[in-house]
Amino acid sequence: MERADDVAAREALLDRAMGPGRRRKSSEKLRRGRMPSEGLDLVAKDGDGTLVGTVRLWDVRAGEGGPAALLLGPLAVDPAVKSAGIGSALMRHAIGEAARLGHSAILLVGDAAYYSRFGFSSEKTGKLAMPGPYERERFLALELVEGVLDGASGVLKASGRKAKPAPMARAA
C-alpha cells in the first residue's frame, strides 16, 4: 500500500517509465482530481526500501448508469529492474485485492499481449469507450464477477473519491 512519503518517488518513477506525455492520456481524464480506490494504490520496493514499481486502480462507472468498475493504471516498473517480474507481481496482487474488496470488473488501456496473461481481453469493451482518444484494440477488461459487463455501454465516467485540494501557501 502506498504511503504519503511514497508520492514523490512514485511520480518520479512514472516520469522515468512513461515519459513526458503520460499526463495527456485518456485514462488521465478519469483519474484527474480523484483518489485511487480505497486500498488499491500499490507499490513494490526493493530490499533497500526504494520504490521500484507502482499500480493504482480507480473507481469508474462502465457507461451511463452502468456497473461500478475499476480502471487500472498506470502500471509502471523502474526501467533499471524491468523483466524481474515486478509488474506481473503487482498485477496479480492488484487483481487479488480488487476481488477481495468486492469489486466486479477491471478495465484498462494497454498491450493485449501483456495483459491477456492475467485474463484481460477486449471481448467485453466493444460497447464501452474511453473519454478522449485511445486505441480501441488496447481497451481491455477483466470481469471479477462473471457477466457484470454484459450490456454495459457508453463512455467510462469517474466515480471515485475526490482528491483534497493541496493546501495553499500563506504569505508572510
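The values are calculated or read from the model by the stated rules, or taken from the named source; none is laboratory data. Since the structure is predicted, the reported quantities are computational estimates derived from the model, not experimental observations. FYI the Cβ positions are ideal-geometry reconstructions off the backbone, even for glycines, and counts take in every protein chain you see.
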Point to revise | Top-ranked residue in the stretch 60-118 [being charged (D, E, K, R) and touching a residue at least 24 places away in the same chain (Cβ under 8 Å); ranked as farthest from ASP46 (Cα to Cα)] | key: GLU64
Review point. Which pairs do you get when a residue that is more than 14 Å from LEU30 (Cα to Cα), found in the stretch 123-140, comes within reach of a residue that is part of a strand (DSSP E or B) and charged (D, E, K, R), reach meaning Cβ atoms under 7 angstrom, with the pair 6+ apart or on two chains?
Key: LYS124/GLU143
Point to revise | LEU51 closer than 29 Å to GLU146 by Cβ and either at pLDDT 90 or above or exposed (fewer than 13 other Cβ atoms within 10 Å of the Cβ) (or both) | key: no
Check your understanding: Considering only residues of the stretch 23-48 that are charged (D, E, K, R) and under 22 Å from ASP5 (Cβ atoms), which is modelled with the lowest pLDDT?
Key -> ARG31
Exercise for review: Starting from residues that are exposed (fewer than 13 other Cβ atoms within 10 Å of the Cβ) and part of a loop (DSSP other than H, G, I, E, B), keep the ones in the stretch 127-147 and report whichever is modelled with the lowest pLDDT.
Suggested key: PRO133
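What about SER37, is it exposed (fewer than 14 other Cβ atoms within 10 Å of the Cβ) and assigned to a loop (DSSP other than H, G, I, E, B)?
On the way: exposed (fewer than 14 other Cβ atoms within 10 Å of the Cβ): no; assigned to a loop (DSSP other than H, G, I, E, B): yes.
Considered against the rule, which asks whether it is exposed (fewer than 14 other Cβ atoms within 10 Å of the Cβ) and assigned to a loop (DSSP other than H, G, I, E, B), SER37 comes out as no.
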Review point. From the residues in the stretch 54-72 that are surrounded by fewer than 23 Cβ atoms within 10 Å (Cβ to Cβ) and in a loop (DSSP other than H, G, I, E, B), which one is modelled with the highest pLDDT?
Key: PRO67
Review point. In the stretch 4-31, what count of residues is obtained for those that are free of Cβ contacts under 8 Å to residues at least 24 places away in the same chain and basic (Lys, Arg)?
Key: 2
